[in-house]
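Asker: Just passing along the structure, written as structure tokens.
Every number here is computed from the coordinates shown, using simple stated rules; none is lab data. In this text the structure is predicted, and so the values were computed from the model without any measurement. Glycine also receives a Cβ, built like all others from the backbone with ideal geometry; neighbour counts cover every protein chain displayed.
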Amino acid sequence: MIQYIAKRLVQLIAVLFGVTFLTFMITQAAPSDAAQMQYISMGTIPSEELLEQTREEMGLNDPVLVQYGRWLWNVLHGDLGTSTKFSESVLTQMSRKLPMTIELAAVSGVIMVLIAFPLGILSAVKKNKWIDYLIRFLSFFGISMPNFWLGLLLMYVFAVRLGWFHVVSTNDIAGIVLPVATLTIPMVCTYVRQIRAAVLEELNSNYVVGARSRGISERRIIFGHVLPNALLPIVTLIGLSVGHLLGGAAIIETLFSWQGIGNMVVEAIRVRDYPLIQGYVIWMAVIYVMVNLLVDIMYRLLDPQIRLRKKVD
Amino acid sequence: MNVLEFQDISVIYQNGKTAVHNVSFTVPEHSIVAVVGESGSGKSTLIRAAMGLLSTGGSVSQGRILFEGENLLGFSKEQIRSIRGSEMAMIFQDAGDYLNPRRKIGPQYIETIRCHIQVSKKEAGQIALDMLSRLKLADPERIMRSYPFQLSGGMRQRAAIAMAMSMHPKLLLADEPTSALDVTVQAQVVQEMLKLREDMGTAIVIVTHNMGVASRMADYIAVMKNGYLREFGARDQVINAPRDEYTQQMLMAVPELEDEQIVKIR
């Protein structure tokens, strides 16, 4: 197990190299000029000399590989660079934005699980009864709605029309409601269907017939056998969602002016703030690899067949 | 006294197909009835109907199934649950498939016992160990600690029989219990079941396509084809003087029956 984790962590380093290198190349390939963007974002139109000087200072005139090498060298020394847009270190900038994204992700994740699991199980157990049809019908709606549209709709109804919330999200409990709802509704709808499918698949297995033949009650079968087994495929999906949420839902954060990391990176991309983009990319890569690792470890813990087979090898 | 009685039973599935047509026969106390027939003959459907475990979409469309004189089809869900596993038990072709693959045998065994009698986990564990040793399983503790996939087919089947018999049921329904096992293990399992009948007086309905197993074990044989009961009678009569044409054909189709394919035990 420890060997396995160590192997995966080595892989993480390779992934980080690959991902940062690729994004570096891609952002450099974009046609706009970072130096120019910096002045435009400050509202001034620089002279050609000033631009040239700034490019020289930012190291933009060096070959791309040299720039990447320099960036990498600094990163390995613990320096993620300075954001050109916000004129502060990438680390400071990110550590200010991250808690906001984590807050949004955690609240949305917890609420999603609390709603999706009971509904998914109910839908599976009451298969083809009216409640199942209702849940499936509503979840179909939720999946079909694009989230920016859902966000705008919620904003229009609850903030503009009813005036229950502010259009620009505030830093209190009321402020988080709309962004969380926008994030949660599509996720709940997706998960309800996945959980329903997973539970139904388990309910159709022979061990359920076996348990019934031994006189075990339906309640025990569902909660003691079917649900823990159905959790296995769901864990993978939840892992992906956690990665997705921690990456910051750029559209929703922008829509609600939520000062999280998704919002930050959209702005960074707009002004070609390379150090900040690279910082974000490192964060994303680390999150995805770590979440995948966690999911794999969970899988081993939950499934004795995988756990014991590996031991034999 | 009859333990089980099928009275004019028909079973239909959702697709409109009738799997069992007007079948009637009785299972006297302490007796072993073998239901033989090719696959698709409705023999498994019949005993699943008695357990109330027809797969989704299947239902008994007519007739009565009497268990100790009471119509099982009139039982509530809770009533039938409480006699499943205690009064009437069932074993399957692949025992491992009918246990939760992600939980050890022990907890599943103990859970089963505690569904029927109020004992502590420790006491239930002791009942389980006793029963497993009774089935001549070496190292019952290890079996309790194992996952189903860690045991051989024969061990799993014997563990399943132990589990089914621990409440001393009046009736054991066995759905092809030996078909997935090789011949030697088959013989052992057959012998264990015969011994349990002798010791506990449990009536057994065994569904099989193996005429050898049927003739070795059964007191009565029921022959089914395409959902119809073709013949029902005492073993000697059915084997030696079959009245039905299909039974005759079936007996002729297994010439090896007379030689080594027959389950030789003693």
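Asker: What are the trypsin sites (Lys or Arg not before Pro) within segment B:108-169 that DSSP puts in a loop, where the Cβ has at most 14 other Cβ atoms within 10 Å? Before the final figure, lay out the partial values.
Answerer: Working: sites: B:114, B:121, B:122, B:134, B:136, B:142, B:145, B:156, B:158; in loops: B:136.
Filter output for segment B:108-169: B:136.
Asker: Now for a separate question. For a label point 7 angstrom out from the Cα of residue A:153 toward its Cβ, which stretches of segment A:121-141 have the backbone nitrogen within less than 18 Å?
Answerer: Flagged as within label range: A:134-141.
Asker: In nm, to one decimal, how far is the modelled label at residue A:88 from the one at residue B:62, with both set 7 Å along Cα→Cβ?
Answerer: Distance between the two pseudo-spin positions: 8.4 nm.
Asker: Something else about it: Treat each spin label as a single point 7 Å out from the Cα along the C-beta direction, and report the residue A:111 to residue A:33 distance in nm.
Answerer: 4.6 nm
Asker: Now, a different point. Please give the contour-minus-distance gain from residue B:198 to residue B:18: 0.36 nm per residue of separation, less the Cα-Cα distance, rounded to one decimal in nm.
Answerer: Numbers: separation 180, 0.36 × 180 = 64.80 nm, distance 3.66 nm.
The span from residue B:198 to residue B:18 would gain 61.1 nm if fully extended.
Asker: Among A:13, A:63, A:51, flag the residue with its Cα farthest along the positive direction of the charge dipole of segment A:2-76, charges on Cβ as +1 for Lys/Arg and -1 for Asp/Glu.
Answerer: Most positive-ward Cα: A:13.
Asker: Another one. Which of B:115, A:189 has the fewest other C-beta atoms within 10 Å, and how do the rest follow up to the most? Let's see the in-between values first.
Answerer: Values: B:115 20, A:189 24.
Going from least to most buried by this count: B:115, A:189.
Asker: Give the lysines whose C-alpha is closer than 17 Å to that of residue A:126, dropping any in the same chain fewer than 8 places away, or say none.
Answerer: The qualifying lysines are B:77.
Asker: Please identify every one of the trypsin sites (Lys or Arg not before Pro) in segment B:1-51 that sits in a loop by DSSP and has no more than 12 other beta carbons within 10 Å of its own beta carbon.
Answerer: Taking segment B:1-51 and a limit of 12 other Cβ atoms within 10 Å, the loop trypsin sites (Lys or Arg not before Pro) found are B:17.
Asker: Taking residue B:136 as the anchor, which aspartates and glutamates have their alpha carbon closer than 13 Å to its alpha carbon, excluding any fewer than eight residues away along the same chain?
Answerer: Output for residue B:136: B:192.
Asker: Share of antiparallel DSSP beta bridges in the protein assembly as shown, in percent to the nearest 5?
Answerer: On the way: 23 of 43 bridges.
Within the protein assembly as shown, antiparallel bridges account for around 55 percent of the total.
Asker: Regarding segment A:2-76, what are the three Cα extents along the principal axes, ordered largest first, in Å?
Answerer: On the principal axes, segment A:2-76 reaches 58, 20, 18 Å in Cα extent.
Asker: Only bridges whose two residues both fall in chain B count here: according to DSSP, what percent of them are antiparallel, nearest 5? Before the final figure, lay out each step's value.
Answerer: Values: 22 of 42 bridges.
Of the beta bridges lying entirely in chain B, close to 50 percent run antiparallel.
Asker: Just B:227, B:85, B:40 to compare: in a GNM of chain B, with alpha carbon springs under 10 Å, which one fluctuates most?
Answerer: B:40
Asker: At each listed q (0.10, 0.15 Å⁻¹), what is the log10 of I(q)/I(0) that the Debye formula gives for segment A:96-312 modelled as equal alpha-carbon point scatterers?
Answerer: Reported log10 I(q)/I(0), two decimals: -0.56, -1.04.
Asker: When the expected Rg is taken as 2.2 N^0.38 Å, what fraction or multiple of it is the alpha-carbon Rg of the protein assembly as shown? Walk me through the numbers on the way to the answer.
Answerer: On the way: Rg = 33.7 Å, N = 579, 2.2 N^0.38 = 24.7 Å.
Normalised Cα radius of gyration, the protein assembly as shown: 1.37.
Asker: Mind jotting down the distance between the C-alpha centroids of segment B:1-68 and segment A:193-212, whole Å?
Answerer: 25 Å
Asker: According to a simple spin-label model (label point 7 Å from Cα along Cα-to-Cβ), what is the distance in nm between residue B:252 and residue B:182?
Answerer: 3.5 nm
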